[in-house]
Amino acid sequence: SRSTSAARRGGAFAARCDLAGWAKDNGVQAGVLELATFEGGLRGMKARKAVESGQDLIAVPDDLAIRVIGDTPSYPSKTLVDMCSKDAWKVLPWYARLALLIVAEQRMVSGGEECKREEWVQALPKSLPTPLHWSDDQLMAVGYQGLINSVRAQRSKWRSLYDSVKRSASKPPSESEFYHACELARSRAFSGEYTAPLPKEQFFLLGLLIACSEQFNLMPGGTAFFGGALAVAALFAQSLVLPRILGIQHYVVCPVIDMLNHDTAESSEVTYAPFQKSFVVVASKAYGRDKQVYISYGSRSNDQLLQYYGFVEKDNPNDVYQITDIASALKPFLPDVTTDKLMLEREKGG
């Protein structure tokens, strides 16, 4: 396999839990797949039987997912009343908002409260071996300034985020609790135009467009209504039109789907099926029985994979190398080069 996802899926886990049974009981359709442990303790999913390209692999009801909306965050007051204030919530990036929702789930489970995602919460890794947790000596030993700078910036950013949450709440998460949940969010969430909002949100936007068309005489009422009817048909056919126009983007952590490991060579993606009210993964190629099934997390360099997921990928076509000091890199070839000379050439357009 070209994928090295063990760090993301391995690590310390809670006591065994019946995630497969929980998924089935909650309407998750994944009959062609099953949870499995591969060489080196890698947790993932394999084909229970032969799978054809284009076949549905997993369908997860949307009410099992944990989700936040991009730049228009709705504050879940009942969930976060003691953990984060509304003002602090509004300015948090998507992964920090998802992190707080994950912490809320974890607190329900640890406190013995009823939690519909309990089995999934128990199956989450207790730690991730990412550079965030390395000592300064370990980080410097990498000898790669690009990664060193990125991890230092991440630590500073996350510390600032945590401080803002802590100041705003009476019962904030601990610092380690917050960081771990941020890592879970960064490593398990998906986003994009394919994570369309639920139909009711789309129909609200459609109604708003029709109303504005009549109010401001953009088009006759009958024309607007007829156009709206056509749009409704389009929404049922493909639930992605308005999100692309209006920039609506969701960030989603979806149980079971998040158990699929990464391989850049894969093109399988998550779509939203409005009739099923489910997030669906479709196979991008055929798989034989007992073969591990992958999904692509997107075009990630090994820098990004190591920093946020805890693994690197062999022969990664998206890999890049950050040169933080071009003058030093060019010294063996151009002994007289300096940063000042390079800046001067840049200003000249040379």
The one condition in (1) part of a loop (DSSP other than H, G, I, E, B); (2) in contact with a strand residue (DSSP E or B) (Cβ under 6 Å, 6 or more places away or on another chain) that Leu101 fails to fulfil | (1)
Candidate set: the stretch 253-268, residues that are in contact (Cβ under 8 Å) with a residue 40 or more places away in the chain and over 14 Å from Ala59 (Cβ atoms); chosen: the one surrounded by the most Cβ atoms within 10 Å (Cβ to Cβ) | Val253
Could you give every pair whose Cβ atoms fall below 8 Å, whose first residue belongs to the stretch 24-42 and is over 21 Å from Phe279 (Cα atoms), and whose second residue is of a type outside the set (Asp, Glu) and part of a loop (DSSP other than H, G, I, E, B), counting only separations of at least 6 or pairs across chains?
-> Gly40/Gly10; Gly41/Gly10; Leu42/Ser5; Leu42/Gly10
Looking only at the stretch 78-90, decide whether some residue is within 17 Å of the chain's Cα centre (by Cα), assigned by TED's automatic domain parsing to the domain that holds Ala23, surrounded by fewer than 17 Cβ atoms within 10 Å (Cβ to Cβ) and touching a residue at least 24 places away in the same chain (Cβ under 8 Å).
-> no
Enumeration of residues in the stretch 110-138 that are part of a helix (DSSP H, G or I) and surrounded by 18 or more Cβ atoms within 10 Å (Cβ to Cβ) = Glu119, Trp120, Val121, Gln122, Ala123, Pro131, Leu132
Search result, residues across the stretch 273-310 that are more than 14 Å from Leu260 (Cβ to Cβ) and crowded, with 22+ Cβ neighbours inside 10 Å = Ser278, Leu305, Leu306, Tyr308, Gly310
Are any residues in the stretch 155-175 of a type outside the set (A, V, I, L, M, F, W, C), out of contact with any Leu (no Cβ under 7 Å at 6 or more places or on another chain) and either in a helix (DSSP H, G or I) or free of Cβ contacts under 8 Å to residues at least 12 places away in the same chain (or both), and if so, which ones?
-> Ser156, Lys157, Arg159, Ser160, Tyr162, Asp163, Ser164, Lys166, Arg167, Ser168, Ser174, Glu175
Taking the condition assigned to a loop (DSSP other than H, G, I, E, B), modelled with pLDDT of 95 or more, surrounded by fewer than 17 Cβ atoms within 10 Å (Cβ to Cβ) and assigned by TED's automatic domain parsing to the domain that holds Leu260, does Gly27 pass?
-> yes
Out of the residues in the stretch 60-95 that are more than 25 Å from Glu119 (Cβ to Cβ) and among the aliphatic types (A, V, I, L, M), state the one that is modelled with the lowest pLDDT.
-> Val81
Arg97 versus (1) crowded, with 20+ Cβ neighbours inside 10 Å; (2) over 20 Å from Tyr75 (Cα atoms); (3) among the charged types (D, E, K, R): which is the lone unmet condition?
-> (2)
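The values are calculated or read from the model by the stated rules, or taken from the named source; none is laboratory data. Source: prediction; values computed, not measured. Cβ sites come from the backbone with ideal geometry, for glycine too, and all protein chains shown count toward neighbours.
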